[in-house]
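To keep things clear, I will list the structure first and then write my remarks on it.
Where a number appears in this text, it was derived from the coordinates with a stated rule and is not lab data. Bear in mind the structure is a predicted one, so any value in this text is a computation, not a measurement. Heads up, the Cβs are rebuilt from the backbone with ideal geometry, glycines too, and the neighbour counts pull from every protein chain shown.
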Amino acid sequence: MKNPDDTGFYCYRAIESLRQHCILKFNLNPKNKSVQWEKLREIAQCDEESIRSIEKAAEPVRHGDVASMTSEDRENLFLKTWDIVDRYVDNS
């Protein structure tokens, strides 16, 4: 990742892409986000808080602010995101 400050944005973008995949793969209502997120969590075997913490890390950059993170915070965010992505890929 070229810009460490964008880590949260891109991690959450990956999770949102999985939600979009759920819509197509499982023929979900594209307007019902709560069902989409529920299906994603079911497949990825994760809880809502795990995804919310990634979303929280993305918020500043998504709204035009700067979000500086420590290397340790970035590592934890990457690991959390990859855990969700890996479980989704393995179970979908």
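What is the calculated FRET efficiency for GLU42 to ASN3, with r their C-beta to C-beta distance and R₀ = 30 Å, to the nearest 0.05?
Working: r = 33 Å, r/R0 = 1.10.
It comes to 0.35.
Would you work out the relative contact order for the chain, in percent, from Cα pairs under 8 angstrom that are 6 or more residues apart? Provide the component values of the computation, followed by the final result.
On the way: 92 pairs, mean separation 41.8, N = 92.
Across the chain, relative contact order equals 45 percent.
Using 27 Å as the Cα-Cα cut-off, could you pick out the over-long pairs in LYS33/LYS80; LYS2/LYS31; LYS2/LYS39?
Long pairs (Cα-Cα over 27 Å): LYS2/LYS31; LYS2/LYS39.
Take ASN32 and ARG62, extend 7 Å from each Cα along the Cα→Cβ direction, and tell me the distance between the two endpoints in nm.
For ASN32 paired with ARG62, the spin-label model returns 2.2 nm.
Please work out whether the chain counts as rounded, prolate or oblate from its C-alpha gyration tensor, where a ≥ b ≥ c are the square roots of the eigenvalues and a/c under 1.5 means rounded, while otherwise a/b larger than b/c means prolate and anything else oblate? Can you show the working numbers first?
Details: a/c = 2.36, a/b = 1.69, b/c = 1.40.
Prolate is the answer for the chain, as a/c is 1.5 or above and a/b outweighs b/c.
Can you list the aspartates and glutamates whose alpha carbon is less than 15 Å from that of LYS25, not counting same-chain residues fewer than 8 positions off?
Output for LYS25: GLU16, GLU38, GLU42, ASP90.
Could you state the angle between the C-alpha long axis of helix 33-44 and the longest principal axis of the C-alpha atoms of the chain, as a value from 0 to 90 degrees rounded to the nearest 10?
It works out to around 80 degrees.
What does the extension gain come out to for ARG52 and ASP86, with contour length at 0.36 nm per residue minus their alpha carbon separation?
Gain on stretching ARG52 to ASP86: 10.5 nm.
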